[in-house]
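The values are calculated or read from the model by the stated rules, or taken from the named source; none is laboratory data. Model, not experiment: these values are computed from the prediction. In this analysis, Cβ positions are derived from the backbone assuming ideal geometry, glycine residues included, and neighbour counts consider all displayed protein chains.
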């Protein structure tokens, strides 16, 4: 049994931020990570000298405390990257954010007029409720544009009909955008939508570089970060966690702590508690759903392929959902300047057709689709590697909110346990908001009182954030006060 003041499960952005904040306060934590490298979904993978991101991670935030940490830890290893992303649909590239003339040219005057009429119709007679993603988008863009630009891609991502996805996800990811505002932005060059930035920071060697630096900083202050360490059970007594049992190097190791912080999937956390929680809590945990993800990284014998950082593939005739061009994120990710490295991203679920393909079959599929889209020639594709990511995205289906409320109620009753991060809270947070939960978890350990479940993309982008609810005060140092 090894005892620490704080035990943290998960060495992604949330967990490592918490660990870093603790060592700055002179508190020595232990961090347990199941994977063989730090960073979680924000890690950087390497294949034959080519470095690639798992999904594309921009470093952009309006959370002042997070921006300060990024600069503090990485400093001059940040580069400025201009953002260029487009939508590929019906054999054409559409600017994103939209350009009025580009969209008109690609769709044609007749189709553009039909889209406008569809939008005017819904403005006059909007759908009476907005419970689903489909309803939310139709009320802001009209049914025709929804079916053109939103439906196919969104269903690729989630694997379920848009009519079964809750409106919460749209409110988090594209709030503030409508056809009216998109046209105004396109005509006048303004941009008031939170995700449509023109440039972003990026670590020169990929996002994993940031989290490797965080881990080094934690260990330089005597904190411990253990990789390849799988937590298999949580021992609790009454309303407190007493210890964690983990498997490391083929042996069982037990860690006790005064406080516990975890970003492991909330469903797995609850399922591994001893003694087990009440049946209704276990049922809620089993009922949460996740979307998995895999990336086929292709090495292409072409110096330049296309100028985008990434392209959204809305075309329904191919399975690929998004294509990353890693050289356009950072030239240092590609060791041979005469070649390119593309990330062909497939959204899938364990057990489905794509997930069950062999690596060789996936490389062949990705190569065939890349050529079919006209983005490269077959002879140019030299090599490829597959990386699979379980539980990449928490699913916002029709039942998730009720199940999450049950789990939240149970976990709030455990005095020395805090859940943080995307999977720790089953919330589609970006890495900056995951980091914010880590920051506030440490402040709670130090005696403040924050409701971590109040931290989400919606509030921290659009409202002042109340840092210490017990004192009812605002903290302008934590969140910048400018709103979109």
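Of the residues in the range 229-243, how many are surrounded by 14 or more Cβ atoms within 10 Å (Cβ to Cβ) and either free of Cβ contacts under 8 Å to residues at least 24 places away in the same chain or not in a strand (DSSP E or B) (or both)?
Looking only at that region, the number is 1.
Residues 110, 133, 105, 101: which one is over 26 Å from the mean Cα position of the chain (by Cα) and modelled with pLDDT of 90 or more?
Only one candidate qualifies: 110.
For residue 418, are the conditions met, namely being surrounded by 15 or more Cβ atoms within 10 Å (Cβ to Cβ) and closer than 23 Å to residue 58 by Cβ?
no
Any residue that is in contact with a strand residue (DSSP E or B) (Cβ under 9 Å, 6 or more places away or on another chain), assigned to a helix (DSSP H, G or I) and closer than 30 Å to residue 445 by Cα - is there at least one of those in the range 257-267?
yes
Looking at 367, 330 in this structure, which one is within 25 Å of residue 79 (Cβ to Cβ) and either crowded, with 22+ Cβ neighbours inside 10 Å or at pLDDT 95 or above (or both)?
Exactly one of 367, 330 is within 25 Å of residue 79 (Cβ to Cβ) and either crowded, with 22+ Cβ neighbours inside 10 Å or at pLDDT 95 or above (or both), namely 330.
Just one of (1) out of contact with any helix residue (DSSP H, G or I) (no Cβ under 8 Å at 6 or more places or on another chain); (2) surrounded by 15 or more Cβ atoms within 10 Å (Cβ to Cβ); (3) at pLDDT below 65 trips up residue 189, so point out which.
Of everything listed in (1) out of contact with any helix residue (DSSP H, G or I) (no Cβ under 8 Å at 6 or more places or on another chain); (2) surrounded by 15 or more Cβ atoms within 10 Å (Cβ to Cβ); (3) at pLDDT below 65, residue 189 misses just condition (2).
Mind checking which helices (runs of 4 or more DSSP H) fall wholly inside the range 31-135 and carry at least 2 residues that are out of contact with any strand residue (DSSP E or B) (no Cβ under 9 Å at 6 or more places or on another chain) and surrounded by 20 or more Cβ atoms within 10 Å (Cβ to Cβ)?
Of the helices (runs of 4 or more DSSP H) lying wholly inside the range 31-135, those with at least 2 residues that are out of contact with any strand residue (DSSP E or B) (no Cβ under 9 Å at 6 or more places or on another chain) and surrounded by 20 or more Cβ atoms within 10 Å (Cβ to Cβ) span 64-74, 109-124.
Would you confirm whether or not the range 277-299 contains a residue that is assigned to a loop (DSSP other than H, G, I, E, B), free of Cβ contacts under 8 Å to residues at least 60 places away in the same chain and in contact with a strand residue (DSSP E or B) (Cβ under 8 Å, 6 or more places away or on another chain)?
The answer is no; no qualifying residue exists.
For residue 165, only one of the following conditions fails: (1) surrounded by fewer than 21 Cβ atoms within 10 Å (Cβ to Cβ); (2) closer than 30 Å to residue 83 by Cα; (3) at pLDDT 90 or above. What is its number?
With respect to (1) surrounded by fewer than 21 Cβ atoms within 10 Å (Cβ to Cβ); (2) closer than 30 Å to residue 83 by Cα; (3) at pLDDT 90 or above, residue 165 is out only on (1).
Do you know which of the residues in the range 367-399 that are within 30 Å of residue 426 (Cα to Cα) and assigned to a loop (DSSP other than H, G, I, E, B) is nearest to the chain's Cα centre (by Cα)?
This residue is 395.
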